[in-house]
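J.: Have a look at this one before I ask anything.
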Amino acid sequence: MQRIGVFVCWCGSNIAATVDVKAVAEALGKEPGVVYFEDYQYMCSEEGQTKLQNAIRDYKLTGAVVCSCSPRMHEATFRKAAAKAGVNSFMVEIANIREQCSWIHKNKEEATEKAIILGRAAIAKVHLNAPLTAGESPVTKRALVIGGGIAGIQTALDIADAGFEVDIVEKKPTIGGKMSQIDKTFPTLDCAACILTPKMVEVAQNEKIRIFSYSEVDKVQGFVGNFSVSIRRKARFVDEVKCTGCGLCTEKCPQKKVPNEFNLGLDQRRAIYIPFAQAVPKVATIDPDYCTMLKTGKCGVCSKICTAGAIDYKQKDSFIEEKYGAIVVATGFNPIELNKYDEFAYSQSPDVITSLEFERITNAAGPTGGTLLRPSDGEHPKKIVFVQCVGSREDGSGCGKTYCSKICCMYTAKHAMLTREKYPDTEVYVFYIDVRTPGKSFDEFYRRAVEEYGVHYIKGMVGKVIPQGKKLMVRASDLIDRKQLLIDADLVVLAAAIEPDKSARPLATMLTASMDTNDFFTEAHPKLRPVESPTAGIFLSGCCQGPKDIPETVSQASACAAKVIGLLCRDKLTGNPCVAHSDELMCNGCSTCEKVCPYGAITYQDKEFRMPDRTMRTRRVASVNPAVCQGCGACTVACPSGAMDLHGFSNSQIMAEVDAICK
Amino acid sequence: MQVNEEKFEPTIVAFCCNWCSYAGADLSGTNRLQYPANVKIIRVPCSCRVNPMFILRAFQRGADGVILCGCHPGDCHYTTGNYFTRRRMTLLFSMLEFLGIEKERTRLEWVSAAEGAKFAATMNDFVATVTKLGKNRRLEDLRCKK
Amino acid sequence: MEQNNLKETLLRISGVNPRKCMKCGKCSGTCPSYDEMEYHPHEFVSMVENGETEKLMASPSLYRCLTCFACVERCPRGVQPAKLIEAVRLAVIRQQGMNHLKPDQLPDMLDEDMPQQALVSAMRKFAK
Amino acid sequence: MQKMMQDRARELLSSGKVDRVLGWIEGDFVYDVTPHVFRENDIDQLIYHSFASQNLSKYLVGETKKDGVIAVFLRPCDSYSFVQLLKEHRFDREKVYAIAIPCLGKVDAEDLRAMGIRGITGVTDGKERIILHTLYGDVEKEKSEVIAERCRKCRGVHAPYFDERLGEELTKEPLTDRFEMVEKLEKMTAEERFAFWQDELSRCIRCNACRNVCPACTCEKCVFDNAASGIENKAPASSFEEQNFHIIRAFHVAGRCTDCGQCSRVCPQGIPLHLLNRKFIKDINSCYGEYRAGADLEEKAPLNRFDVDDCEPGDVVGKGE
C-alpha cells in the first residue's frame, strides 16, 4: 500500500477564489492510502517545495499528489523536488485544478466538488504508479552521411568542424552530386564549380571525414546513438590507394562508345573513366557493363598502361561494418523521366532537352565546351523555347507530380538570361503557368531577365512540339493576349519536375524512417523539427525532404549538422521512461504492434519459456527498445492480448482514473 | 411516478492527448472560457493510447458520455497516432451505435493546442447533447432490466 | 437559381470538376480549332465555373470543337475540357427544338464526296 | 472425398512426409464430430461429410509446438484462418503440410432438429442434395434448404497458400448476401437495436465457447483472464460484463476475423455473435476498401494502416439508419 501525501495549492487566489482548498484537502485526506494532506498558498514556491520534501521525510511518503496548475506548468518542478527528498519522480502526479477547474468555473460548490474528483483520480493513479528510471544508452561519436551532394558535403563538413568523425557514403564514383553538373548558380550567377569544388577538396582533406565513394548502404541495425551499418563498397576494379588519378588509362582505353552519364548521355566516355576533372576522390573506375577485359577477358590496355599498377580486374564488392551515433540522409533528387510526355517530343527529337541537359551544354566542361549548340547538328539555336512545370503540379493526369518543384522558375530565368547575354541574337521564350520567385533577390532576378535581357515570358502552356525538318514547331497558348502561337524554335528546353532519388525508398525501409506518398522523407515536425526524421537519430539534409535550391539546401544541411552535433556531444542518452513494454509471458508474437509503431522500436525474437509442465518451449515475442520508443501507446491498443503496456500510462492506471471520475 | 425536479447532471469523461488537446484545454482555462464542471479530463500521451476498454469501462462505471480529443490529423506529435485513433474510434463508435447505444454519447474531436475556444465550445455542446439524452442506462444494467 | 441548376447539370453530365483547373492553358495551347473559336477550351472551363453558361450555349464555338480529345489527353490536372464542351452541346440539344442540325438542312449539305458516316455522326452529335 | 482424404493421409504418413494428420472424427453420433490428430493406426476413422464443421486451423497453434510435421485439411473458410494465423506468426509453417479440400457447405444438427429431423444415424452427401438417414427413415433435402447460415454466404474459394489440393475447387455463388441481417439491424431504431441485443446478449453465460473456437482468438492469455489488464473477468458478474466481453472480443478480432462463423455455431445459447464481427467487416469494407482477412500474407490489416483522408467517426456512425 502506498503512503500518499496530498498537497493542495491556492495559487494565490487563482485557485482559492473558486475552489475551497481546505475542503478539497480534507476530502482527499480521507481517501485510502492518504497519510498526509495540506494546503498552501504557492506550492511551486521554494517554501512550497520544502513543505513537500519535509512531508515526504516526516511521513515516509511513497507518493504524492499535488493539486495545482497544469502538469504542463509544474509537473517537472514537483517531480524534481520529490526526487531530491528521495521519492522517485514518477511517483508524483498532478491534479490540474487551475486551468481545468478554478479558471473555468464560477460556482464555488461545483468547482470544489470537481477538484475533489480530479484529486481522487490522481490518487487512484498514484496507487498504481511504480518508480521509473530512465534508461541510458551510450552514444557512438561518429556520424554517417548518406549522399555526397552539396547537402551531404555541407553537413559532413560542419559535423567534422565540431570535432566528430564523419563518413560519407556516395553511390557514384565521385562526390559532388547534382551541383557539380550545374553551370551557374542563381541569383548571383557565380559558377557552380568555383564554389563547389573547393568544398569537395575540403572534404577530401579533412582528417575527420572518410569518403566511401562508389558505395551503398547495405544494412542498418540499432537505434539512436548506436547504429551499426554495413556499407557495400562496389568493385571499381581500380585500387583506390594506388591510383594517382593521372587519367592516362581514361585516354587510352579502346572502348570509346560509352554514354557519359555525367553529361547525361550527350557525349561519350571510355569504359574506364573519371567522371570529371575535379572528381573527389580522383580515382578511375571501370564500368563493368562496357569493359572488354571484364566481359571477354581480352584487352587489358589500362592495366598495361598504369604505372601505379592500380588496375585489379579481380576486385570484388567488399563490405565495411561501422558504428554510428547518427545517420544523415542526403540522397537528393533527380529530374523525372519524360518518356510519358509525347506531346513535347522529348524522345523524338534530340533538340528537345531537359534543363539539366541545357546546363551541360552551356557548361565549359560540358560536351560542347560551353558553346550553346543544338545536339542534333551542332548549330547555334536562334530561337529557344523554355517550357516550365513539365511534370510538376499535375493531378489526375496519370503522370507527373502534384507538388511544385520549386527550383524551375529560377533556373529557367537563369538559362534565359544567360542565353540572351551570351547570344543577343537568340530569341528566348519562356512559357509559364505562374512564375514563383520567393527568395532573397529572386524576383528581382526574374524581372531583370524580362526587363534587361528581353526574355519573352508568355503566360500559357505549350500544348505540342512538332519536329519539322530542322525546326521544332511549338504550339502554345498565350492566355493574356488570347491567342494561339506557333513558334518555329530551334531548341526546346523542358523544366522537368524533380523527384527523390530512387535509392531513397529502400533506404527509408532500412532506417524505418517514414516517407510521404511522393517518397520524400517526412520531418519529425513540419515546422518545429524540420531536419529530423520522426525516427530518433535519423536526420534529413537537402532534397530528400522536399524540393530545394542550393542556398536552402546548404542552410538545411548546416541545421541538420547542428542537430547531429547536439546528439553526438552527449556521452549518454537518457530515455523517456514512459515507454511501452511487452509482457513476454502474454505476448503472442503476432507482429501487430510493430505495424503501428512509427519509430520501429519493436522487434521480435524467439525466446525459450518454461511451461507449467516443465518443458521448454520457444516462442516469438515482442521486445521494445526503450531508447527508440517515444511512448505514444499506439501499440498498447493494437495488442489484442494486452501484453503491451505503457509505463506511466498503464491500462490499469488509466482505468483507475476512469473509475475515480465515474464513481 | 415521481417527478424529479433536480436537473440531470451528466458525468462526462474526456480523454485528451498531452500535446494538443490537453494544452488546448489548458488554454481555454487560461482564457477563462467556461464549460460545465461535468467534464473531467484524463491526460494520455496520445489519442492512440485510448483503448476501447477505457471507454467501455467509463460507461460501465456510470459515465454518460465519453469524448476523445487529439491533435488534428497530420499534426500528431507522434506523426501517425491519431490516424490510428480515427480508424479505431470510427469502428468502435459504429459498433456501439449498432448495439443500440445512442451515438451522441461518444465523440471524437480534433483540438489543437491553440484552440482553447474550440475546446470550450466542444465541451459545452457535448454536455448539452448528453444532458438532453439523459442518464446512460444502456451500457450499465442489461440483465437487471429483464 | 436557374443558372446554378444548369451549371450543376453540366458538371454532373460531364463529370468535370472545373475547380481543378489551374489555368495553365495547355488545352488551348494544344487545340487544333483554336483560331476558329470564339471561346477557347480553357475559357469554357472558367466560364462554366463562373456560371456564364448561357453565353457558351449561344456560341458557335461549341460546334468548332472536333472532340479530338487532345485537351483531355494533355491536361495536367485531369480536368477534361472536351467532356465539358460535349455536356454544353447536350444541354443545348436538350432544350426543345434547339437541335444544331435538323434533318431538313441535310439536302443542302450533301456532297458527293462526303461519307455517309460523317452525316450520321453529325446527326448523333448535334441533334437528338 | 472422404476416401480420397484417407488415402492421401495414409500415403503422407507412410512416406514419412508427415508425422500426424489433423482431421475430423465422429463421436457417438454422426453429427457429433470433433477435430482429431490421426496417426497411421487410426486414419481409417477420418471422416469428411456435412457435419465436419470445425475450423481446424486454430489447432495448428498447439500442434506445431510439438515435434514433427502435421498435415491439415483446409476447407476454403479454414484456409483464410490458416493464412491469418500464419501472418500473425502463430504457428510454424515448416511443420505444416496444408491440403486444400473442397466444401459443399455444412449442416448443423441444431438446424435440422428445428426442422423436425431427429434421430440422425447417417448422411449421404450429394452436390445439390443431401440424404439424412434417421431412425425414422431417410429424409432427402435440397442442400440449399438445410446448410448452415455461415455457409450460405461462402464462395468456396481457397486462400492461395496451401501445399496441395485434393479434389477440385468448387466455386459457387453465395446463397445470401452476408450483410443482409446487419443491414436490417442498422435500419432499426436505436431502441429496437438495443432491445434486440439485450435479448440476445443477456443470454450469454460466459462459457467462452466462442473464444475457444475462434481461430483469431489464439492469445497466449486473454485480456479477460489477465489480472493486470484491469478488466479481468471470468464470469458475468454484472450484465455489463458480457456486453463488454463481446464488444471487446469483436474489436480485438476486427480486421482479423475471417468470417468463418464458428462463434455462432458453437454458442450454446444461440447468440448470433457473427453479426458483431460482420458489422466490423461491413464498416471496414465501406470505409477503408474491401478487405478480406487471410486472403493475403503481406497486406496490412485495416486497423494497422491508415489514409490521411480517412473518414471521421461522425461521417459513418449511425448512417445506416
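J.: With the requirement that a residue be surrounded by fewer than 24 Cβ atoms within 10 Å (Cβ to Cβ) and not in a helix (DSSP H, G or I), what does the stretch A:159-172 give you?
T.: Once the filter is applied, which keeps residues that are surrounded by fewer than 24 Cβ atoms within 10 Å (Cβ to Cβ) and not in a helix (DSSP H, G or I), the stretch A:159-172 yields A:A162, A:G163, A:F164, A:E165, A:D167, A:K171, A:K172.
J.: Next question. Of the residues D:R265, D:R193, D:R256, which single one is in the same structural domain as D:N304 (by TED's automatic domain parsing) and in contact with a His (Cβ under 9 Å, 6 or more places away or on another chain)?
T.: None of the others qualify; the one that does is D:R265.
Conditions (1) within 24 Å of C:T30 (Cα to Cα); (2) modelled with pLDDT of 95 or more; (3) of a type outside the set (S, T, N, Q), marked per residue:
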residue	(1), (2), (3)
A:L338	yes, no, yes
A:I353	yes, yes, yes
A:T368	no, no, no
A:S392	yes, yes, no
A:G398	yes, no, yes
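J.: I'd like to check something: does the stretch B:28-38 contain any residue that is surrounded by 24 or more Cβ atoms within 10 Å (Cβ to Cβ) and either hydrophobic (A, V, I, L, M, F, W, C) or at pLDDT 95 or above (or both)?
T.: no
J.: So B:A117 fits all but one of (1) of a type in the set (A, V, I, L, M, F, W, C); (2) surrounded by fewer than 24 Cβ atoms within 10 Å (Cβ to Cβ); (3) at pLDDT 95 or above; what number is the exception?
T.: (3)
J.: Continuing with the same structure: Would it be correct to say that D:R203 is assigned to a loop (DSSP other than H, G, I, E, B), within 14 Å of chain B (Cβ to nearest Cβ) and over 30 Å from A:T636 (Cα atoms)?
T.: Yes: the conditions hold for D:R203.
J.: From the list A:R570, A:R529, exactly one residue is among the charged types (D, E, K, R) and modelled with pLDDT of 90 or more. Which is it?
T.: When all the criteria are applied, what remains is A:R570.
J.: Suppose we filter the stretch D:262-286 for residues that are within 12 Å of another protein chain (Cβ to nearest Cβ) and out of contact with any Pro (no Cβ under 8 Å at 6 or more places or on another chain); how many remain?
T.: Residues meeting the conditions: 11.
J.: Something else: If you go through the stretch A:615-626, how many residues are outside any strand (DSSP E or B) and over 25 Å from B:Y83 (Cα atoms)?
T.: The number of residues fulfilling the criteria is 1.
J.: Scanning for something within 36 Å of the chain's Cα centre (by Cα), outside any loop (DSSP other than H, G, I, E, B) and either farther than 27 Å from A:K242 by Cα or basic (K, R) (or both), does the stretch A:308-325 turn up at least one residue?
T.: Yes, the stretch A:308-325 has at least one match.
J.: D:M181 - would you say it is touching a helix residue (DSSP H, G or I) at 6+ places or on another chain (Cβ under 8 Å), within 13 Å of D:P272 (Cβ to Cβ) and at pLDDT 85 or above?
T.: For D:M181, the condition - touching a helix residue (DSSP H, G or I) at 6+ places or on another chain (Cβ under 8 Å), within 13 Å of D:P272 (Cβ to Cβ) and at pLDDT 85 or above - is met.
J.: Now for a different question. Against the condition under 27 Å from D:E149 (Cα atoms), buried (at least 17 other Cβ atoms within 10 Å of the Cβ) and at pLDDT 90 or above, how does D:V83 come out, does it pass?
T.: In short, yes.
J.: Can you list the helices (runs of 4 or more DSSP H) found entirely within the stretch A:190-298 that contain at least 1 residues being within 29 Å of the chain's Cα centre (by Cα)?
T.: Result: A:192-205.
J.: Please go through the stretch D:294-304 and give me each residue that is within 14 Å of chain B (Cβ to nearest Cβ) and buried (at least 17 other Cβ atoms within 10 Å of the Cβ), ordered by number.
T.: Residues satisfying the conditions are D:A301, D:P302, D:L303, D:N304.
J.: Okay, moving on. Tally time: how many residues in the stretch A:412-425 are crowded, with 18+ Cβ neighbours inside 10 Å and not hydrophobic (A, V, I, L, M, F, W, C)?
T.: Of the residues in the stretch A:412-425, 5 are crowded, with 18+ Cβ neighbours inside 10 Å and not hydrophobic (A, V, I, L, M, F, W, C).
J.: Still on this model: Scan the stretch A:575-592 for residues that are surrounded by 20 or more Cβ atoms within 10 Å (Cβ to Cβ), more than 9 Å from every other protein chain (Cβ to nearest Cβ) and not aliphatic (A, V, I, L, M) and jot them down.
T.: Matches in the stretch A:575-592: A:G575, A:S582.
J.: Select from the stretch A:390-411 the residues that are away from chain C (no Cβ under 14 Å) and not in a helix (DSSP H, G or I) and write down the one among them that is surrounded by the most Cβ atoms within 10 Å (Cβ to Cβ).
T.: Per the stated criteria, the residue is A:I407.
J.: Another question, then. Could you grab me the full set of residues in the stretch B:87-106 that are in contact with a Leu (Cβ under 7 Å, 6 or more places away or on another chain) and either within 27 Å of A:T535 (Cβ to Cβ) or among the charged types (D, E, K, R) (or both)?
T.: Listed by number, the residues that qualify are B:R87, B:R88, B:M89, B:E102, B:E104, B:R105.
J.: Here are some residues: A:A643, A:A634. Which one is facing chain B (nearest Cβ under 9 Å), closer than 23 Å to B:N82 by Cα and at pLDDT 90 or above?
T.: Result of the check over A:A643, A:A634: A:A634.
J.: Among the residues that make up the stretch D:187-194, is at least one of them within 21 Å of the chain's Cα centre (by Cα) and either within 14 Å of chain B (Cβ to nearest Cβ) or more than 20 Å from D:G261 (Cα to Cα) (or both)?
T.: no
J.: Which one of D:V182, D:V213 is within 17 Å of D:G261 (Cα to Cα) and within 12 Å of chain B (Cβ to nearest Cβ)?
T.: Being within 17 Å of D:G261 (Cα to Cα) and within 12 Å of chain B (Cβ to nearest Cβ) holds for just one of D:V182, D:V213, which is D:V182.
J.: Here are some residues: D:S79, D:S57, D:S53. Which one is under 19 Å from the mean Cα position of the chain (by Cα), of a type in the set (S, T, Y) and assigned to a helix (DSSP H, G or I)?
T.: Residue meeting the stated conditions: D:S79.
The values are calculated or read from the model by the stated rules, or taken from the named source; none is laboratory data. All figures in this text were calculated on a predicted structure; none of them were measured in a lab. Positions of Cβ are backbone-derived with ideal geometry, glycine not excepted, and every protein chain shown enters the neighbour counts.
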